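The values are calculated or read from the model by the stated rules, or taken from the named source; none is laboratory data. Being a predicted model, the structure only gives us computed values, none of them experimental. FYI the Cβ positions are ideal-geometry reconstructions off the backbone, even for glycines, and counts take in every protein chain you see.
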Amino acid sequence: MKRTKMLTRLVFLLSLTLAIEMIGLPQPITGPLVNLMLLLTALLLNSVAAVILGLATPLMGLLRGQLPPILAPMVPFIMLANAVYILLFAMLASAGKQSLSLKRWQGWMALAIAAAGKTLILYAAATLVVPLLFGRQLPEAVIAAFTFPQLITATVGGAAAIGIYPALRRILGNNR
């Protein structure tokens, strides 16, 4: 894909994702939509572009107020978790091929492992790393938000990406 076309698509996907965050929908809606955009970016462009998007979204969430200020110490870990989610998905969905493949079970297995990896990083950060760095435990409600709900939002958003990617690929052309 030509550099200009790729950058244009990245800016469009980044703008769309940030608009989703700016709307201020509840987290059970925003979370899957952001995860949808992360994996769609990986599928439509590449994993580097998706990681760039994954680094921007927690910052925007914090600035926008989607993430309460008490969660500011979690932002670097959310960034890391997004990067791991994208990279695990891309690596496992490509499985040695030049491009990502969503044939049969491969994309679904990649999604399951990527969502679990993202959740494990967030859980470990909330229960172990942040308390170690800041000398105090996060409230139980905050810890709970970085467990099962993260697995659900990553899985739902990823499933939506896998579901709509073939149609988008046909519309945009097969030049990825």
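Scan region 146-176 for residues that are of a type in the set (A, V, I, L, M, F, W, C), part of a helix (DSSP H, G or I) and within 16 Å of residue 79 (Cα to Cα) and jot them down.
Just the residues of region 146-176 that are of a type in the set (A, V, I, L, M, F, W, C), to begin with: 146, 148, 151-152, 154, 156, 159-162, 164, 167-168, 171-172.
After this cut, where a residue has to be part of a helix (DSSP H, G or I) as well, the list is 148, 151-152, 154, 156, 159-162, 164, 167-168, 171-172.
Correct list: 151, 154.
Just to be sure before I move on: is residue 34 in contact (Cβ under 8 Å) with a residue 12 or more places away in the chain, crowded, with 17+ Cβ neighbours inside 10 Å and touching an Asp or Glu at 6+ places or on another chain (Cβ under 8 Å) in the structure I sent?
Answer is yes for this residue.
From the set of residues in region 96-111 that are surrounded by fewer than 18 Cβ atoms within 10 Å (Cβ to Cβ) and in a helix (DSSP H, G or I), which is modelled with the lowest pLDDT?
For region 96-111, the residue satisfying everything is 106.
Could you list, in sequence order, the residues of region 62-85 that are under 15 Å from residue 150 (Cβ atoms), at pLDDT below 95 and not aliphatic (A, V, I, L, M)?
66
Could you check residue 25 against (1) exposed (fewer than 14 other Cβ atoms within 10 Å of the Cβ); (2) at pLDDT below 90; (3) assigned to a helix (DSSP H, G or I) and say which number it fails?
It fails just one condition, (3).
Return the only residue of 52, 86 being part of a helix (DSSP H, G or I), within 17 Å of the chain's Cα centre (by Cα), surrounded by fewer than 20 Cβ atoms within 10 Å (Cβ to Cβ) and not acidic (Asp, Glu).
On the way: 86 fails: surrounded by fewer than 20 Cβ atoms within 10 Å (Cβ to Cβ).
From the options 52, 86, the qualifying one is 52.
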